[in-house]
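Notes for the one structure printed next.
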Amino acid sequence: MRFAHDALPEIAEHELDTTETFLGARVALPFFISCMTGGSEGGFKANRLLATAAQELRIPVGLGSIRVLLENPALFPHFHVKPLAPDVPVLANISAVQVRDGDIPTLMSLVQRLEVQAIVVHLNAGQELFQPEGDRDFRGLKQAIARLCEQSPLPVIVKETGFGIVPSLVRELLRAGAAYVDLAGAGGTNWITVESYRLPREARAAAAEFADWGVPTAVLLAACRTGRDRVLASGGVRSGMDAAKAVAMGAALAGMALPAIRAVTAGGAEGVVKTFRRLEKTLRTVMLLTGSRTTADLRRGTVWLEPALAASVESFERAEGLRPG
């Protein structure tokens, strides 16, 4: 995927507007820190530092799964980071299986105490299948998500965890009431591979066969012909150029996890801010060099697909058209 360079952009850098409206808030950049961690001392520290950085950057920040909080309410301070990020959206995170098997009023009470702006429902069947203690029954999850969307006073975001959500399912989730769908495609962390390190050596062979499982985020985003304004793009977004391309392809926001956790581990909140300022510089340069005063302008035909990616998208769309339903 490449940008069409504009040699005469007729824009001054100070005219560039990188802001977006997300969950009723005006955020400074079309970026967000993806849901990652929580429930441990390391996670507790990381969540607080990420929230602090998000507030300074004025971008949304996600929390790790609050499943552990439902089981151990004493961990509430690990997830209550809203006081550190009062001006930006904070996102709670729970698995679809917990939504199906849990009590929605209890979940609603908890997320309201957390003062978050949305509930992220994550889909991670692949990961669960390689956890010795993981879930094995994934029936009824669509109905559970639809029920949550109907009953929740907060917006619901549905995301994968690194293997992608195909366009037909994106449309189905949006029709069911999801405010946004995070594609979270292949190209970033593979959670089957991560889980394999917990397995005995002889049990890792099956996990190794899924090292390249999933649909790349770029292919999914290019194939999403409708509803792109309610699509978030994460999964393998590692640089400002990656993020700029995702936004140019129509994503409402581009999400990053690994760059953020590396930055917070190495340099705390200040390290995260420095990392995202570098990404911002790339985005602003791309905008100027494509003649885009706003991110909306950036989404208007500034990218083109190279032949290999275009062929992959076309092939994927043909296969997607053959899916039942």
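Couple of notes before you dig in:
- Filtered by the rule that a residue be over 22 Å from the mean Cα position of the chain (by Cα) and surrounded by fewer than 18 Cβ atoms within 10 Å (Cβ to Cβ), the stretch 295-308 gives ASP297, ARG300, GLY301, TRP304, LEU305, GLU306, PRO307, ALA308.
- Extreme residue, surrounded by the most Cβ atoms within 10 Å (Cβ to Cβ), among residues of the stretch 274-294 that are among the polar types (S, T, N, Q) and either within 23 Å of the chain's Cα centre (by Cα) or not in a loop (DSSP other than H, G, I, E, B) (or both): THR275
- Residue count for the stretch 197-225 under the criterion of being touching a residue at least 24 places away in the same chain (Cβ under 8 Å), part of a loop (DSSP other than H, G, I, E, B) and among the hydrophobic types (A, V, I, L, M, F, W, C): the result is 5.
- Complete set of residues in the stretch 293-310 that are in contact (Cβ under 8 Å) with a residue 12 or more places away in the chain and either among the hydroxyl-bearing types (Ser, Thr, Tyr) or more than 16 Å from LEU221 (Cα to Cα) (or both): ARG293, THR294, THR295, THR302
- When the stretch 5-27 is limited to residues that are without any contact (Cβ under 8 Å) to a residue 60 or more places away in the chain and closer than 20 Å to LYS82 by Cβ, the one that is surrounded by the fewest Cβ atoms within 10 Å (Cβ to Cβ) turns out to be THR21.
- Leading residue by the ranking (farthest from GLU56 (Cα to Cα)) among those in the stretch 261-280 that are out of contact with any Phe, Trp or Tyr (no Cβ under 7 Å at 6 or more places or on another chain) and among the aliphatic types (A, V, I, L, M): ALA266
- Residue list for the stretch 114-146, filter: more than 25 Å from PHE32 (Cβ to Cβ) and in a loop (DSSP other than H, G, I, E, B): PHE130, GLN131, PRO132, GLU133, GLY134, ASP135, ARG136, ASP137, PHE138, ARG139, GLY140
- Number of the exception - ILE157 against (1) closer than 24 Å to ALA257 by Cβ; (2) touching a helix residue (DSSP H, G or I) at 6+ places or on another chain (Cβ under 9 Å); (3) outside any loop (DSSP other than H, G, I, E, B); (4) modelled with pLDDT of 95 or more: (2)
- The one condition in (1) touching a strand residue (DSSP E or B) at 6+ places or on another chain (Cβ under 6 Å); (2) in contact (Cβ under 8 Å) with a residue 40 or more places away in the chain; (3) farther than 21 Å from GLY236 by Cα that ALA186 fails to fulfil: (3)
- Residue check, ARG58 within 19 Å of TYR180 (Cα to Cα) and of a type in the set (Lys, Arg): no
The values are calculated or read from the model by the stated rules, or taken from the named source; none is laboratory data. Fair warning: this is a prediction, and the values are worked out from it, not measured in the lab. Reconstructed Cβ throughout: ideal geometry from the backbone, glycine too, with neighbour counts over all protein chains shown.
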